[in-house]
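The values are calculated or read from the model by the stated rules, or taken from the named source; none is laboratory data. Just so we're clear, the structure is a prediction, and the values are computed from it rather than from any experiment. All Cβ positions, glycine included, derive from the backbone under ideal geometry; neighbour counts span all protein chains shown. Remember, those area values only see protein heavy atoms, side chains included, never the ligands or the DNA or RNA. Shrake-Rupley method; radii C 1.70, N 1.55, O 1.52, S 1.80 Å.
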Amino acid sequence: AREPALAAVLRWAPLIFQGFLFNLMISVLSMALGTLVGLGFGLGQLSQAAILRRSSWAATQFFRNAPWLVLLFYAMFLLPFEVRLGGITVAFPAWVKAIIGLALPVAANVSEIVRGGVRSIPLGQWESAESLAFTRRQTMWMIILPQAAKRMLPPWMNLYAILTMATTLISVVGIQDGLTVTRAALVAESRPELMLPMYLLLLLMFFAYCYPIARVTMALERRFHVEG
């Protein structure tokens, strides 16, 4: 007798969940890298040096308006498989390239979040700091950014949720993630009726992870809007 569909799905569930966890790892690392680079771009857009301001703006607009999948393909196929640093060879596995490829559009969006957050702080804060003999750098890091951080947090969390869902793009370039594992399970079973429940299982995993982030994001938006 053929195994019931639910039993087949549950049998594959642990393996699909492992693939899903790999998606989460990619999302966390891509977000971390993208946030660091995006912070630099965002502060660069606010720089008093024209060349730094314009170059940061150009990089932000380029990566922000480029398709994520295209950037991922460029990272996968243009970055070398390994890099020699002195006498040491550093490998560049596919998942590292994927992190870089996804971090590029994240960095551009974080750049806009930082720029918008800093610009939202009233000009009087800058003037007050200047009257206290703070340098521009001290004012930015000690006064402006701490106030802007709470305004940046909701859009940053929303961007992370979007990135998490976009990590399934890595399956297109041959990386074994949750979507790839689900496809492999369907091929192994050769049962068309399992397609909907298998993909539904993966969808529910992403929903269970991203929906709480969305709820917290909305709560923070309401809270900071009221406080503001």
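The single residue among Phe17, Phe62, Phe22, Phe73 that is surrounded by 17 or more Cβ atoms within 10 Å (Cβ to Cβ), in contact (Cβ under 8 Å) with a residue 40 or more places away in the chain and of a type in the set (Phe, Trp, Tyr) turns out to be Phe22.
Yes/no per residue for (1) at pLDDT 90 or above; (2) assigned to a helix (DSSP H, G or I); (3) open to solvent by 70 Å² or more (accessible area, probe 1.4 Å):
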{"site": "Glu127", "(1), (2), (3)": "no, yes, yes"}
{"site": "Glu130", "(1), (2), (3)": "no, yes, yes"}
{"site": "Ala133", "(1), (2), (3)": "no, no, yes"}
{"site": "Pro155", "(1), (2), (3)": "yes, yes, no"}
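On inspection, Ala66 qualifies as closer than 21 Å to Thr167 by Cβ and outside any helix (DSSP H, G or I).
Here Pro212 clears all of (1) within 18 Å of the chain's Cα centre (by Cα); (2) in contact (Cβ under 8 Å) with a residue 60 or more places away in the chain except the condition numbered (2). From the list Gly34, Gly40, the lone residue that is more than 24 Å from Thr168 (Cβ to Cβ), under 17 Å from the mean Cα position of the chain (by Cα) and part of a helix (DSSP H, G or I) is Gly40.
Of the residues making up region 101-119, those that are closer than 24 Å to Arg223 by Cβ and open to solvent by 50 Å² or more (accessible area, probe 1.4 Å) number 2. Every condition in (1) outside any helix (DSSP H, G or I); (2) surrounded by fewer than 14 Cβ atoms within 10 Å (Cβ to Cβ) holds for Trp141 except the one numbered (1).
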